[in-house]
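The values are calculated or read from the model by the stated rules, or taken from the named source; none is laboratory data. Predicted model, so just to flag it, every value in this text is computed and none were measured. Using ideal geometry, Cβ is built from the backbone for each residue, glycine included, and neighbour counts are taken over all protein chains shown.
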Amino acid sequence: MTLTETLRRRLDERRAQNLYRQLKTLDAAPGPRAIVDGRALLTFSSNDYLGLATHPDVIAAQQSGASLGAGTTASHLVNGHLRIHQQLQDTIADVTGREAALVFSSGYMANIGTICALVGRGDNIISDRLNHASLIDGARLSSAASLRFPHNDLDGLERQLERAAQNGGNTLVAVDGVYSMDGDLAPLAQMAELCRKHNAWLMVDEAHGFGTMGGLVGSEQFPLAGSIAAAGLTQDEVPVMMGTLGKAAGNAGAFVAGSRELIDFLVQFARPYIYTTGMPPAVAAGCLVAIDVMQREPERRVRLGRNIEFFRARAAGLELPLAQSASAIQPLLLGCEKKVVTVAAELQERGFLVGAIRPPTVPAGTARLRITLSANHSEAQIEQLLVALAESLRTFPAVTS
Ligand code: PMP
């Protein structure tokens, strides 16, 4: 079979399974309204949790940051590390309560680079079954023995820690702080305790926690430091913190924060850091101001918190299939792929963008609508979405017959 024939057959299989992904081309920024095919749609599918992607100060900083050069022209170690990158790293270290930080061009690269630098052949990497793809791919690429435990199951984690001890070598436990498709939190305090007991290193991916969780008990000192701070944990207990700048910071890129030795080590050994062009200086400039806004406008986190509560209370009233999530990610578990695709398409017709999440992103039989809330949504907009959702779900059988 030719390459084209082979690919066509595989694509046809995807379509038949309702798993084919259709790219949407947006004509405008990801604010609460996106323009798709000339129509303004209310977005409930972006990770711009604090509305910073369209913040005028961030955009102005990014524009003037371009005067440092459109690109860095080389990898960080060769010629691509500017003072603005260093400033961003120092700021991230400050706001996360850590000694140092290292900026990567994306969260995907940060996770792969960090895991592969920290563990290899003869070591162990233990992961939650629902970890983000980038943590899973890092575990696969690392050559360490890969052990997994059921989602958020502390007994399962302890069993794998015991197995890892029998295998010998170093052990890294990698989990999401806030699960990207479920919105629930990892029980980090208990996990940190188990890691201490079994001499393992804990790595937490704060892609969805960074900047979104202030106001929770424990996070007063470092309100941007996500679920780690909310659990009252420090650098000693969670030595490897990863966060992204493409979500609450509304921009692009990612960081790892920890001890000076950790960061120095990653500069030497994290290949996706070493062998790639440095983050454009304008992005670093925009991220710096985004973090500044996160600090000086705590009301954005408060508004996000209120929107989450409002959404959950109204959705419960409408008997929608809510998940156990206190975060900005509010999935509605529908199970069936066809239902998810049909309802998401109908919502788009009604003027709303929501994510239709299917396998392999989530386990088979757990397809869902992924609704994400932002500080920029008004209660009226959330109410409109919920009414449209309830109606689309009610009419679903009719839609498919
Ligand atoms: N980790 C998690 C939990 C994520 O949700 C994502 C992004 N979807 C990433 C890592 C990757 O981050 P980035 O988009 O910066 O590559």
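Results for (1) among the acidic types (Asp, Glu); (2) surrounded by fewer than 19 Cβ atoms within 10 Å (Cβ to Cβ), shown as yes or no for each residue.
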position: Gln330; (1), (2): no, no
position: Val343; (1), (2): no, no
position: Gln348; (1), (2): no, yes
position: Ile357; (1), (2): no, no
position: Glu379; (1), (2): yes, yes
position: Glu383; (1), (2): yes, yes
position: Phe396; (1), (2): no, yes
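Checked across region 195-215, the condition of being surrounded by fewer than 24 Cβ atoms within 10 Å (Cβ to Cβ), at pLDDT below 95 and farther than 16 Å from Asp128 by Cβ holds for at least one residue.
Does Asp48 count as of a type in the set (D, E, K, R), surrounded by 12 or more Cβ atoms within 10 Å (Cβ to Cβ), in contact with a Gly (Cβ under 9 Å, 6 or more places away or on another chain) and touching a residue at least 40 places away in the same chain (Cβ under 8 Å)? Yes; evaluated as a whole, the condition is true for this residue.
Can you name the residue in region 244-267 that is within 13 Å of Cys287 (Cα to Cα) and more than 9 Å from the ligand (Cβ to nearest atom) and, of all such residues, is surrounded by the fewest Cβ atoms within 10 Å (Cβ to Cβ)? The qualifying residue surrounded by the fewest Cβ atoms within 10 Å (Cβ to Cβ) is Asn251. Taking residues in region 165-183 that are touching a residue at least 12 places away in the same chain (Cβ under 8 Å), and partners anywhere that are charged (D, E, K, R) and in a strand (DSSP E or B), the pairs with Cβ atoms closer than 6 Å and at least 6 places apart or on different chains are Val175/Asp128; Asp176/Asp205. Just checking, does region 334-351 include any residue being within 21 Å of Glu206 (Cβ to Cβ) and out of contact with any helix residue (DSSP H, G or I) (no Cβ under 6 Å at 6 or more places or on another chain)? Among the residues of region 334-351, not one is within 21 Å of Glu206 (Cβ to Cβ) and out of contact with any helix residue (DSSP H, G or I) (no Cβ under 6 Å at 6 or more places or on another chain), which makes the answer no. Among the residues making up region 1-41, those that are under 23 Å from Pro363 (Cβ atoms), under 26 Å from the mean Cα position of the chain (by Cα) and not polar (S, T, N, Q) are Arg14, Leu19, Tyr20, Arg21. Entry remark, region 162-191: residues being of a type in the set (A, V, I, L, M, F, W, C) and either surrounded by fewer than 22 Cβ atoms within 10 Å (Cβ to Cβ) or modelled with pLDDT under 95 (or both) number 3 in total.
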